[in-house]
1. Could you tell me which numbered condition ILE66 fails, if it satisfies all but one of (1) modelled with pLDDT under 70; (2) in the same structural domain as THR101 (by TED's automatic domain parsing); (3) among the β-branched types (Val, Ile, Thr)?
2. Look through ARG166, ARG103, ARG130 and report the one residue that is in contact (Cβ under 8 Å) with a residue 24 or more places away in the chain and touching a Gly at 6+ places or on another chain (Cβ under 9 Å).
3. Given the range 80-192, what helices (runs of 4 or more DSSP H) lie entirely inside it while holding 3 or more residues that are within 14 Å of the chain's Cα centre (by Cα) and not assigned by TED's automatic domain parsing to the domain that holds VAL69?
4. Check whether at least one residue in the range 76-83 is surrounded by 19 or more Cβ atoms within 10 Å (Cβ to Cβ) and either hydroxyl-bearing (Ser, Thr, Tyr) or over 27 Å from LEU25 (Cα atoms) (or both), and report yes or no.
5. I need a count of the residues in the range 139-189 that are in contact with a Lys or Arg (Cβ under 7 Å, 6 or more places away or on another chain) and at pLDDT below 95.
6. Go through the range 43-90 and count every residue that is aliphatic (A, V, I, L, M) and either in contact with a Phe, Trp or Tyr (Cβ under 6 Å, 6 or more places away or on another chain) or on the phi > 0 side of the Ramachandran plot (or both).
7. Report whether or not VAL68 is in a helix (DSSP H, G or I) and closer than 27 Å to GLU173 by Cβ.
8. The conditions are (1) in contact with a strand residue (DSSP E or B) (Cβ under 9 Å, 6 or more places away or on another chain); (2) buried (at least 19 other Cβ atoms within 10 Å of the Cβ); (3) within 30 Å of SER70 (Cα to Cα), and LEU157 fails exactly one of them. Which is it?
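The values are calculated or read from the model by the stated rules, or taken from the named source; none is laboratory data. Note that the coordinates shown come from a computational prediction; the quantities given were computed from them, not determined experimentally. Glycine gets a Cβ as well: all are built from the backbone with ideal geometry, and neighbour counts include every protein chain shown.
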Amino acid sequence: MNYKLLIFSLFIILSSCKDQNYQPLELIDINCNKVPEILQNVFDSDQEMRTNRREINPKIDKENLITVVSLIEKCGMPTLEEVNDVQMSAIWVVFQHGDNTNRKKYLPLLEKSAKNGDLKASQIALMKDRTMMNDNLPQVYGTQVIKNGNEWILYDLANPETVNKRRTEMGLEPLQDYLKRWNIVFDIKQSE
């Protein structure tokens, strides 16, 4: 057996699976007594960049990701008893706009927060679909659309005949209604 060829092949496979946007994070010092203020600042900077139609600044996204990961690692995952809805959503927003490696790493923690009522199940559905899409796998809830030339299309969807049942479980509207925002027609008959 040619071990050099085997090792080289494994290296190529593992390299191709790696998140191309991932860069290790250098954690920063966080004052755990200021978690609400920190998360509010993170949310404001993320949304200000996106809602004012300015160009997305990857540096701000990375700074926000470093802040949130540092906060979670030092202070633990906050709850709605400690922060408000917007501040809690800041954590989700940062991972949603971050790299897939960190998104996957912290997804179980966010899922646990959703089960405890601190995050919305719909946020978890969006994050799972984005994670799947970035791993070149079919999405589960139909939340991700992509541009194909001049038109928007629904990214590959697993088991489309039962998607509305899954969407209902996550607090999402029927897929055909959601996709109207992009003028996408979804007419796959749903089974029970």
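1. Result: ILE66 fails condition (1) only.
2. ARG166
3. 121-134
4. no
5. 0
6. Counting residues in the range 43-90 that are aliphatic (A, V, I, L, M) and either in contact with a Phe, Trp or Tyr (Cβ under 6 Å, 6 or more places away or on another chain) or on the phi > 0 side of the Ramachandran plot (or both) gives 2.
7. For VAL68, the condition - in a helix (DSSP H, G or I) and closer than 27 Å to GLU173 by Cβ - is not met.
8. Going through (1) in contact with a strand residue (DSSP E or B) (Cβ under 9 Å, 6 or more places away or on another chain); (2) buried (at least 19 other Cβ atoms within 10 Å of the Cβ); (3) within 30 Å of SER70 (Cα to Cα) one by one, LEU157 breaks only (3).
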